[in-house]
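The structure appears below as structure tokens.
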Amino acid sequence: MSTNASAIKVFNRWSTEGIKVEDPGLQRYVSISPVLVPKTGARYAGQRFHKSRTNIVERLINKMMVPGHRSKKHKVTSGHITGKAQMTYGIVEDALEIVEKKTKANPVEVLVKAVENGAPREETITIEYGGARYPKAVEMAPQRRVDHVLKLMVQSSYQKSFNGKRAAAATLADEIVLAYQFNQQSAIISKKLEMERQADASR
């Protein structure tokens, strides 16, 4: 008996049918393949570029579990939930529900567009020539572009909710919506513009 892939919905609520990645550079690296439960348990971990085959919602959940540190303040970005899959699973589902209420659109599609809007195209590295160091603008790899957006999305939402009155799901939803709208109040968009401005000045 064959399974109709289009009938499978993320969290059994939101369809991925018809969602397209418009950025040509990210089309192979943002997976929107339908998945009922976005927790594959490292099914592709042994394969090269395995993250590219993982649904973008699952990648967000994985990043929420281990967000890393920001300015050497690990407690601000991760705190007590590090590695707790069930808790982050609920946070992301609640955040997508808030996004749906705010935008009146498919929250998975909103998330994909937010990732596209927030992915920097260039970054600056430091090269050493003749004992002196100089900044040099380079193109950012597609996989790194997606990872960078998800990292900022998670870290910014955790930082805003840490010791605050707002829940992590609400702050995460705000980041997704602001990036979707290309609003400079979003930490993702402001960081992207800053990085590309620095890269442009380093040519």
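Before moving on, here are some points about what is shown:
- Taking the C-alpha atoms only, the angle from helix 107-118 to the longest principal axis of the chain is near 10 degrees.
- If the segment from Lys101 to Arg28 were pulled out straight at 0.36 nm per residue, it would be longer than the present Cα-Cα gap by 23.3 nm.
- For the stretch 5-201, a simple Cβ point-charge model (Lys and Arg +1, Asp and Glu -1, everything else neutral) yields a dipole of about 600 debye relative to the Cα centre.
- Highest to lowest packing among 89-99, 117-127, scored as the average C-beta count within 10 Å: 89-99, 117-127
- Ordering of 168-179, 19-30 by packing [mean C-beta count within 10 Å, highest first]: 168-179, 19-30
- Mean shadow area of the stretch 5-201, taken as a quarter of the surface of its Cα convex hull (nm²): 12.6 nm²
- Here the contact order of the chain, divided by its residue count and restricted to Cα pairs under 8 Å and six or more residues apart, works out to 21 percent.
- Principal-axis tilt of helix 187-201 within the chain, Cα atoms, nearest 10 degrees: 30 degrees
- The string of couplings for the stretch 162-172 from the Karplus curve (6.51, -1.76, 1.60, θ = phi - 60°) is 5, 6, x, 7, 8, 6, 4, 5, 5, 5, 5 Hz, one whole number per residue in order, with x for Gly and Pro.
- Each peptide in 100-106, 144-150 receives the mean, over its residues, of other Cβ atoms within 10 Å, and ordering these scores from highest gives 144-150, 100-106.
- Model label zone, Arg203; criterion: amide N under 12 Å from point 7 Å along Cα-to-beta-carbon; scope the stretch 125-143: 137-138
- Helix 142-161 vs. the chain, principal-axis angle (Cα, 0 to 90°, nearest 10): 80 degrees
- Between the beta carbons of Met87 and Tyr129, assuming R0 = 45 Å, the FRET efficiency works out to 0.40 to the nearest 0.05.
- Spin-label pair His69/Ala45, simplified geometry with 7 Å Cα→Cβ offset, distance in nm: 2.4 nm
Each value in this text was obtained by applying a stated rule to the coordinates, not by laboratory testing. Being a predicted model, the structure only gives us computed values, none of them experimental. Neighbour counts are summed over all protein chains in view; Cβ atoms, including those assigned to glycine, are modelled from backbone coordinates with ideal geometry.
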